[in-house]
1. Is it true that some residue in region A:236-247 is more than 9 Å from the ligand (Cβ to nearest atom), part of a helix (DSSP H, G or I) and among the small types (Gly, Ala, Ser)?
2. Take A:Ala207 and tell me if it is more than 16 Å from the ligand (Cβ to nearest atom) and in contact (Cβ under 8 Å) with a residue 24 or more places away in the chain.
3. Do any strands (runs of 3 or more DSSP E) lying entirely in region B:1-96 carry at least 2 residues that are closer than 19 Å to B:Ile192 by Cα, and which ones are they?
4. Within region A:147-160, is even one residue touching a helix residue (DSSP H, G or I) at 6+ places or on another chain (Cβ under 6 Å), under 27 Å from A:Gln53 (Cα atoms) and small (Gly, Ala, Ser)?
5. Among the residues of region B:47-54, are any of a type in the set (Lys, Arg) and in contact (Cβ under 8 Å) with a residue 40 or more places away in the chain?
6. Which one is surrounded by the most Cβ atoms within 10 Å (Cβ to Cβ), of the residues in region B:150-209 that are among the β-branched types (Val, Ile, Thr) and away from chain A (no Cβ under 14 Å)?
7. For region A:291-313, give me each residue that is in contact (Cβ under 8 Å) with a residue 24 or more places away in the chain and within 7 Å of the ligand (Cβ to nearest atom).
8. Can you name every residue in region B:30-76 that is polar (S, T, N, Q), in contact with a helix residue (DSSP H, G or I) (Cβ under 9 Å, 6 or more places away or on another chain) and under 19 Å from B:Gly129 (Cβ atoms)?
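Taken together, the values in this text are just the output of simple stated rules run on the coordinates, not laboratory data. Computed from a prediction, not measured in an experiment: that's the story for all the values here. Positions of Cβ are backbone-derived with ideal geometry, glycine not excepted, and every protein chain shown enters the neighbour counts.
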Amino acid sequence: MTAKILIIAEHDGSKLNPSTARCVTCACALPEAQITVVVCAAEAAAVAAQVAQLAGVGRVLTLEHPANAHALAAVQAPQVVAIAAPFTHVLGPSTTFGKDLMARVAALLDAPQVSDIMAIESPTRFRRPVYAGNAILTVEASGEGKVVGTVRTASFEAAAGGGSAPIEKAAVEVALPTHTRFVSVSAARSDRPDLQSAARVISGGRALGSAEGFKLLYSLADKLGAAVGASRAAVDAGYAPNEMQVGQTGKIIAPELYVAIGISGAIQHLTGIKDARTIVAINKDSEAPIFEVADIGLVGDLFQIVPEIERLL
Amino acid sequence: MKRILVGIKRVVDYNVRIRVKPDGSGVVTDGVKMSINPFDEIALEEALRIKERGGAEEVVVATIGPAETQQQLRTALAMGADRALHVQADGIVEPLVAARALLKLVEREQPLLVILGKQAIDDDNGQTGQVLAALWNRPQATYASKLELKDGTARVTREVDAGLETLEVDLPAVITTDLRLNEPRYVKLPDIMKAKKKPLETLTLSALGVQQRQQLKVVRFEPPPQRQKGIKVRDAAELVDALKKKGLL
Ligand SMILES: Cc1cc2nc3c(=O)[nH]c(=O)nc-3n(C[C@H](O)[C@H](O)[C@H](O)COP(=O)(O)OP(=O)(O)OC[C@H]3O[C@@H](n4cnc5c(N)ncnc54)[C@H](O)[C@@H]3O)c2cc1C
């Protein structure tokens with residue numbers, strides 16, 4: 001059976017989000033995968049050109065509409081559904097964008113959604129984490145009808161470049177709702193690498209004690225070219241903004257190096273770092289659960305250790 | 001009547017260490033502490049605060065699940081919900097089934113707002129709110145960390161990967177909660193006594209005309225792969241050396 005896959009691109013209007021390239025790799029695990037990526041945008045050309053270069057993509061569709069200036073699930077879902085008929089699988093990334101959108105798409109298609117796909121075993125069989133990653137569940141869809149899925153991006157490498165897929169304009173006749181309106185987005189602009197795709201991540205917890213304390217981490221991160229993450233406790237306390245949160249309710253990441261500083265290692269935090277290649281933990285409590293998963297552990301006071309590491313680099 | 005409908009799910013408490021059953025059919029739940037899904041507790045808290053501010057007159061809490069779920073409904077009533085609806089259903093309730101049942105309750109109760117948790121911490125599906133909004137053909141605002149009601153609209157700040165996004169949605173709408181929306185209140189003993197007298201209505205999926213179907217069959221549960229035990233270093237210098245040896249610096 002040929003798998004015909006539709007992937008919904010994630011982008012900010014000009015730049016393609018790396019999550020899309022990871023969805024492409026996931027889709028390539030389906031037999032005889034024929035991959036179409038759709039770009040919903042006000043003006044899609046720039047993003048479509050980036051998608052066309054991803055190896056494995058067979059075709060890029062653009063859905064241009066002024067209402068697509070900001071990604072709103074209630075607006076995008078009916079457009080996606082309108083072009084979904086020929087496909088066996090409809091995939092999006094398991095990011096806040098994809099999770100918001102894909103379940104709405106699944107509902108309109110009356111199709112089951114497999115959330116957080118971490119491995120594909122067959123066109124109908126998928127593996128996914130449940131219970132905050134404390135169990136892995138294999139599920140089987142009936143094979144009748146479509147399967148909708150969100151792709152756990154930390155489980156897949158980004159597809160390589162070098163492709164040159166054709167780009168086609170798609171036209172759909174659907175009424176778009178006006179009941180949902182974009183007001184604003186506040187995103188801290190940072191020159192640091194993106195947390196979700198960075199090779200190195202330095203993360204801080206409640207122990208940093210203040211937003212001031214986090215500066216210690218920014219300084220170390222900049223020396224290492226690393227992104228900065230945070231535990232929920234650090235975000236709740238206002239030491240770090242919410243987009244830095246790592247874990248079950250934050251970002252799920254898979255860096256080469258993850259350094260957890262003053263983080264106890266609650267299961268909800270560990271969910272976010274299970275796929276990190278090397279985990280380093282710095283904590284003054286030798287019994288802290290983070291040491292159970294750390295490849296390299298250092299017991300001690302972070303306020304001494306972190307500046308010392310920086311001096312040694 | 002201005003009404004808010006809150007959906008709750010009974011789940012294994014978030015503090016419990018999950019163990020997969022040896023036969024792979026599920027996780028161990030015998031003798032395990034069960035609670036209201038933490039995100040749903042936040043949903044209920046938000047509804048109660050809206051009511052306390054005068055933004056709603058009644059908070060109705062609903063669940064779809066087995067008989068034992070009534071314990072969590074009683075807790076929700078003790079927190080301050082006015083009424084509870086229990087839709088009896090056994091086995092795995094998939095998001096599409098839960099949303100169809102909630103839609104039936106929505107048609108009956110005509111709420112101005114439905115607030116649900118953004119995900120249940122057992123199956124981690126994170127779908128029900130969006131599915132309900134789609135079937136109802138109404139707005140959704142997921143991952144809410146702030147919610148303001150004004151003149152038939154809701155202004156919702158959402159925690160998204162990029163930072164904080166604000167949407168305006170017409171009511172009625174479906175909101176799903178993130179952790180920073182509020183901190184749920186503690187239940188006081190007198191409220192537990194009072195909750196026993198509050199109305200709890202039991203319904204069934206079939207009476208609502210909703211089919212209990214499972215589109216995704218469970219093949220097996222497995223424990224996650226364990227990480228290899230690591231090493232301990234004594235100081236910053238040893239740490240830097242160890243990282244260099246691994247080629248990470
Ligand atoms: C539904 C739900 C979802 C959640 N989602 C997430 C999530 O996505 N991400 C997340 O992180 N958490 C999440 N949590 C919260 C999680 O359970 C923990 O509460 C949180 O991760 C704790 O953060 P922390 O490790 O920074 O703080 P703490 O647990 O307080 O740990 C602080 C650590 O710092 C150490 N320390 C203190 N001082 C020093 C010092 N001077 N030097 C070195 N070490 C020091 C202490 O020994 C301690 O181990 C969630 C919880 C729930 C219920």
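1. No, region A:236-247 contains no residue that is more than 9 Å from the ligand (Cβ to nearest atom), part of a helix (DSSP H, G or I) and among the small types (Gly, Ala, Ser).
2. Taking the combined requirement at face value, the residue does not satisfy it.
3. B:34-36, B:58-65, B:83-88
4. Within region A:147-160, the first condition is being touching a helix residue (DSSP H, G or I) at 6+ places or on another chain (Cβ under 6 Å), and the residues that meet it are A:148, A:150-151, A:153, A:156-159.
Now restrict to residues that are under 27 Å from A:Gln53 (Cα atoms): A:148, A:150-151, A:153, A:156-159.
Add one more test, that the residue is small (Gly, Ala, Ser), and what stays is A:158-159.
Looking for residues that are touching a helix residue (DSSP H, G or I) at 6+ places or on another chain (Cβ under 6 Å), under 27 Å from A:Gln53 (Cα atoms) and small (Gly, Ala, Ser), one finds at least one in region A:147-160, hence yes.
5. yes
6. Going through region B:150-209, the residues among the β-branched types (Val, Ile, Thr) turn out to be B:153, B:156-157, B:160, B:166, B:169, B:174-177, B:187, B:192, B:202, B:204.
Narrowing further to those that are away from chain A (no Cβ under 14 Å): B:187, B:192, B:202, B:204.
Working: B:Val187: 16, B:Ile192: 14, B:Thr202: 13, B:Thr204: 13.
So the residue we want is B:Val187.
7. Within region A:291-313, A:Leu302, A:Phe303 qualify.
8. First, pick out the residues of region B:30-76 that are polar (S, T, N, Q): B:35, B:37, B:63, B:69-72, B:75.
If we keep only those that are in contact with a helix residue (DSSP H, G or I) (Cβ under 9 Å, 6 or more places away or on another chain) too, we end up with B:35, B:37, B:63, B:72, B:75.
Across region B:30-76, the qualifying residues are B:Asn37, B:Thr63, B:Gln72.
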